[in-house]
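I have placed the structure first, in the form of structure tokens, so that the comments after it can refer back to it.
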Amino acid sequence: MAVAERKTDIGPPDFHQFLAPIIKKNYGKWAYHEIPEPGVMVHVAESGDKLYTVRAGTPRLLSIVTIRAFADLADTYCDGYLRWTSRHNVEFLLTKKENIEPLKADLHKMGFPVGGTGNSISSIVHTQGWVHCHSSATDASGVVKSIMDELYPHFVNMDLPAKLRIAFACCLNMCGAVHCSDISVLGLHRKPPRIDHENLPKLCEIPTLVSSCPTGAIRPATWEGDPSVEVDESQCMFCGNCYTVCPAMQINNAETDGISIWVGGKVSNARHTPMFSKLVIPFIPNNPPRWPEVVEAVVNIVNVYAKHARKHERVGEWIERIGWPQFFKLTGIPFTKYHIDDFKHAGETYMRTTQLRH
Amino acid sequence: MSEKKRATPLLDELKKGPWPSFVREIEKSAETNAMARDTLGQVERSYEDKISHWKHGGLVGVMGYGGGIIGRYSDLPEEYPEVAAFHTYRVNQPSGWFYTSDILRTLCDIWERHGSGLTNMHGSTGDIIFLGSKTEELEPCFRDLTEHGFDLGGSGSDVRTPSACVGPARCEWACYDTLDACNDITHTYQDELHRPAFPYKFKFKFSGCPNDCVASIARSDMSVIGVWKDNIQIDQEKVREYAANGTDIEHEVCQMCPTQCMAWDGTKLTIDNANCVKCMHCINVMPKALRPGKERGATILIGAKAPIIGGALLATVFVPFLEMKPPYDDIKELAEAIWDFWGEYGKNRERVGEFIQRVGLGNFLEEIGLDPIPEMVAHPRTNPYIFFEDELEEEEDA
Ligand code: SF4
Ligand code: SF4
Ligand code: SF4
Ligand code: SF4
């Protein structure tokens, strides 16, 4: 049998082939949408056509067993058309209104909650953690699961002042928009890397390693006559960048790694311009399997926000109105010296919004 | 193969509660897949030890590509031999994450043949993530993917897999075709995507309006955000309908407008469009009554990033308004001009945003041939340390 020629650089498949006929027909001609109930949207086209979307939360980590089950649901209820959102939710794209209820019932049976629309808490954008990453200061999926178990009512209802976006990252690399979310949960290392001098010359290029350190804490050195490096520990801010470049710089530490919490960021340009998340809890130790202290801290912030914010106000906008001292008072979170920034902050004078007069 | 499922009392705790459980997902694959079974075992071990048991992979990949696969190894290979090598594929998603049931089944079948059966839908950058493959399966899996029309995404110091919001496929607010732009740019830059040649990663993200559902202003080196130039389209009848149905237009809409450019007299909504900054708030609150204007395009912003290495940055306005028509030559010219300058002078692992801070936005603009305009800054400089160039001396001589 002739072996097919090896293909490269073909790029992603053209999305058009995966669009439902109703979408092809009304592409770019949608008039408005409504959210008749949590997790269900109806988009009405200028032609009068109606597209119903049913959105369900997922754990992001999915077995092909589940993906096939989603495919079967899509065949049963919406001619096989579905998509995912940027926040790991799966969306079924229906043309028959009467299919909404049975689809919801099936999703419920499978254990996937319908919700995440409007003024709710959508799925937590998150990272790999102990399931797959080398530099994680904590697990990702387990913390996210524990938090979402408690915030579940806010996913399946739309009972908050505005939408609330939570992001999680297990180290400072922050895969995901952790630096600009309403609430961010971030894994942190707190000790300098431990150097495996023996293996370092075999595993790593020393000049690359030295230049990988943002604070210049790493210098070339010799160890028992062999080339290696040394770390000026007073300059290290535990970013783990060296470990990503060189596996002989172990940054993970079971005793001292843990979690920090940040609030008040946003990416949308609606009302207030985009904002960074700010530190509110510098450190909570890892407490697997369910991280109760982290869950409690997040739930507390959500509750205080839900009680005090005005309609349409995102967390950061609410805090800006009431001021940070009041935020710390209302939440009961202690303010420490770690809350005060001591890193460089350049470039704040650049325009960082699309809010322009055209 | 580790025949028996190891006891996982800690992970079992994470099967409780109403939110769908990742542990159950791993278990579903573990019923038939030994790699998934050892994943479960090793993750339980991490829960006991409170530490990751993965090692950063050396160079692994498929022939001719420098990116798209993340090398990963267990640091407990004797105990969990099936995941001794457990590499990740980034499979470039279709624009907007649209699928049919058939294409999903095709992907599942490919992944059943070659790996753990575990995925992320999707990774943070937007790719379909195939989680956990042995080294010897990399090339066969790649071949299987390309034969079914899929290709790898980016990793390392290259163009990373671009992503786009749902755009005109379903959203009435899309001011340009995000899906097409994303698809076009991705196909144009296959070489830059697969063969790392930059100082560090370069991300494109396409949002159809300033709501920025793909977080492009926070996460992409080139952020393309849809916007309009003319007047917001108002249906006064529908505005009155919202008012009748309980929307407090004065407080919820007019007073929350960032430039206070709206007025409501109880029957008519007026907008001083010259002072509207296109923030989307009023449109978000009353989608049936208000719509973006008709003269549509995008704002191009450059240089956002997460903190690694030099601190987090939001993107900076470079082009306030650009028409977004295929083949998107303006965007491509801008991206290529940036790559030329940053590619030559950027330091290893220095993102474009950091590079701009180091050389100064003014110098950067000059190098890439863009004129400075006031839209690029929140305000002019406040410090007097101006590095005047030679022209001053020449004037004195004249
Ligand atoms: S945030 Fe850090 S530890 Fe987590 S997946 Fe990304 S690089 Fe790995
Ligand atoms: S952890 Fe970061 S700051 Fe510390 S030595 Fe490594 S690269 Fe430098
Ligand atoms: S960014 Fe704007 S156009 Fe795109 S999906 Fe979000 S609201 Fe719609
Ligand atoms: S889009 Fe924003 S700035 Fe423009 S009128 Fe509406 S609320 Fe005001």
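Contact annotation: residue pairs with Cβ atoms under 7 Å, 6 or more positions apart or on different chains, pairing a residue in region B:43-57 that is under 18 Å from A:Glu255 (Cα atoms) with a partner that is β-branched (Val, Ile, Thr) and in a loop (DSSP other than H, G, I, E, B), are B:Glu44/B:Thr8. One residue is enough: does region A:215-235 have a residue meeting the conditions facing chain B (nearest Cβ under 8 Å), open to solvent by less than 10 Å² (accessible area, probe 1.4 Å) and either of a type in the set (S, T, N, Q) or within 16 Å of ligand 4 (Cβ to nearest atom) (or both)? No, because not a single residue in region A:215-235 is facing chain B (nearest Cβ under 8 Å), open to solvent by less than 10 Å² (accessible area, probe 1.4 Å) and either of a type in the set (S, T, N, Q) or within 16 Å of ligand 4 (Cβ to nearest atom) (or both). Within region B:1-57, being modelled with pLDDT under 95, under 20 Å from A:Pro288 (Cβ atoms) and not in a loop (DSSP other than H, G, I, E, B) holds for one residue alone: B:Trp54. The single condition among (1) free of Cβ contacts under 8 Å to residues at least 60 places away in the same chain; (2) more than 7 Å from chain A (Cβ to nearest Cβ) that B:Ile70 does not meet is (1).
Find the strands (runs of 3 or more DSSP E) located wholly in region B:117-231 whose residues include 1 or more that are free of Cβ contacts under 8 Å to residues at least 24 places away in the same chain, and list them.
Working: elements: B:118-121, B:128-133, B:204-207, B:222-228.
The qualifying strands (runs of 3 or more DSSP E) are B:118-121.
Quick grid of which residues meet (1) under 22 Å from B:Gly17 (Cβ atoms); (2) touching a residue at least 24 places away in the same chain (Cβ under 8 Å); (3) touching a strand residue (DSSP E or B) at 6+ places or on another chain (Cβ under 6 Å):
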| site | (1), (2), (3) |
| --- | --- |
| A:Ala137 | no, yes, yes |
| A:Met158 | yes, yes, no |
| A:Ser212 | no, yes, no |
| A:Cys236 | no, yes, no |
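The residue list A:Arg68, A:Arg60, A:Arg83 contains one member that is closer than 21 Å to B:Thr119 by Cβ, open to solvent by 50 Å² or more (accessible area, probe 1.4 Å) and at the interface with chain B (Cβ under 9 Å from one of its Cβ atoms), which is A:Arg68.
Could you say which residue among A:Ile218, A:Ile259, A:Ile281, A:Ile195 is hydrophobic (A, V, I, L, M, F, W, C) and out of contact with any helix residue (DSSP H, G or I) (no Cβ under 8 Å at 6 or more places or on another chain)? It would help to see each step written out before you state the result.
Values: A:Ile218 fails: out of contact with any helix residue (DSSP H, G or I) (no Cβ under 8 Å at 6 or more places or on another chain); A:Ile259 fails: out of contact with any helix residue (DSSP H, G or I) (no Cβ under 8 Å at 6 or more places or on another chain); A:Ile281 fails: out of contact with any helix residue (DSSP H, G or I) (no Cβ under 8 Å at 6 or more places or on another chain).
Testing whether each residue is hydrophobic (A, V, I, L, M, F, W, C) and out of contact with any helix residue (DSSP H, G or I) (no Cβ under 8 Å at 6 or more places or on another chain) leaves just A:Ile195.
From B:Thr135, B:Thr161, B:Thr146, B:Thr100, grab the single residue that is out of contact with any Cys (no Cβ under 9 Å at 6 or more places or on another chain), of a type outside the set (A, V, I, L, M) and under 29 Å from B:Val352 (Cβ atoms).
Details: B:Thr135 fails: under 29 Å from B:Val352 (Cβ atoms); B:Thr146 fails: under 29 Å from B:Val352 (Cβ atoms); B:Thr100 fails: under 29 Å from B:Val352 (Cβ atoms).
Being out of contact with any Cys (no Cβ under 9 Å at 6 or more places or on another chain), of a type outside the set (A, V, I, L, M) and under 29 Å from B:Val352 (Cβ atoms) holds for just one of B:Thr135, B:Thr161, B:Thr146, B:Thr100, which is B:Thr161.
Within region B:196-229, the set of residues being charged (D, E, K, R) and facing chain A (nearest Cβ under 7 Å) comprises B:Asp212, B:Arg219, B:Lys229.
Select from region A:36-49 the residues that are within 12 Å of chain B (Cβ to nearest Cβ) and of a type in the set (D, E, K, R) and write down the one among them that is farthest from A:Lys96 (Cα to Cα). Step through it out loud before you land on a result.
Of the residues in region A:36-49, the ones within 12 Å of chain B (Cβ to nearest Cβ) are A:41-46, A:49.
Next cut, of a type in the set (D, E, K, R) only: A:46, A:49.
On the way: A:Glu46: 18, A:Asp49: 11 Å.
Checking each candidate, the answer is A:Glu46.
Residues in region A:256-287 that are at pLDDT below 95 and not aliphatic (A, V, I, L, M) were compared, and the one that is most open to solvent (accessible area, probe 1.4 Å) is A:Lys278. From the set of residues in region A:167-185 that are closer than 16 Å to A:Asp139 by Cα and not in a loop (DSSP other than H, G, I, E, B), which is nearest to ligand 1 (Cβ to nearest atom)? Checking each candidate, the answer is A:Ala169.
Could you please give the count of residues in region B:232-264 that are touching a residue at least 60 places away in the same chain (Cβ under 8 Å) and either part of a loop (DSSP other than H, G, I, E, B) or within 16 Å of ligand 1 (Cβ to nearest atom) (or both)? Of the residues in region B:232-264, 1 are touching a residue at least 60 places away in the same chain (Cβ under 8 Å) and either part of a loop (DSSP other than H, G, I, E, B) or within 16 Å of ligand 1 (Cβ to nearest atom) (or both). Would you please name the residue that is nearest to the other protein chains (Cβ to nearest Cβ), looking only at residues in region A:288-328 that are of a type in the set (Phe, Trp, Tyr) and open to solvent by 20 Å² or more (accessible area, probe 1.4 Å)? Taking the candidates together, the pick is A:Trp324.
Screening B:Pro196 against (1) within 16 Å of ligand 1 (Cβ to nearest atom); (2) at pLDDT below 95; (3) surrounded by fewer than 24 Cβ atoms within 10 Å (Cβ to Cβ) leaves a single unmet condition, (1). Just so you know, in region B:140-173 the residues that are of a type in the set (Lys, Arg) and at the interface with chain A (Cβ under 8 Å from one of its Cβ atoms) include one that is farthest from ligand 4 (Cβ to nearest atom), and it is B:Arg143. Taking region B:272-312 as the range and being of a type in the set (A, V, I, L, M, F, W, C), under 23 Å from B:Lys205 (Cα atoms) and not in a strand (DSSP E or B) as the test, the residues that pass are B:Val277, B:Cys279, B:Met280, B:Ile283, B:Ala304, B:Ala306, B:Ile308, B:Ile309, B:Ala312. Scanning region A:9-35 for residues that are open to solvent by 10 Å² or more (accessible area, probe 1.4 Å), more than 8 Å from chain B (Cβ to nearest Cβ) and among the aliphatic types (A, V, I, L, M) turns up A:Ile22, A:Ile35. Just to be sure before I move on: is B:Arg90 assigned to a helix (DSSP H, G or I) and more than 9 Å from every other protein chain (Cβ to nearest Cβ) in the structure I sent? So B:Arg90 does not fit the description; no.
The values are calculated or read from the model by the stated rules, or taken from the named source; none is laboratory data. None of these values were measured; they are calculated from a predicted model. Don't worry about glycine lacking a Cβ; one is built from the backbone with ideal geometry, like all the others, and counts go over all protein chains shown. The accessibility values were calculated without ligands, DNA or RNA, using every heavy atom of the protein model including side chains. Shrake-Rupley method; radii C 1.70, N 1.55, O 1.52, S 1.80 Å.
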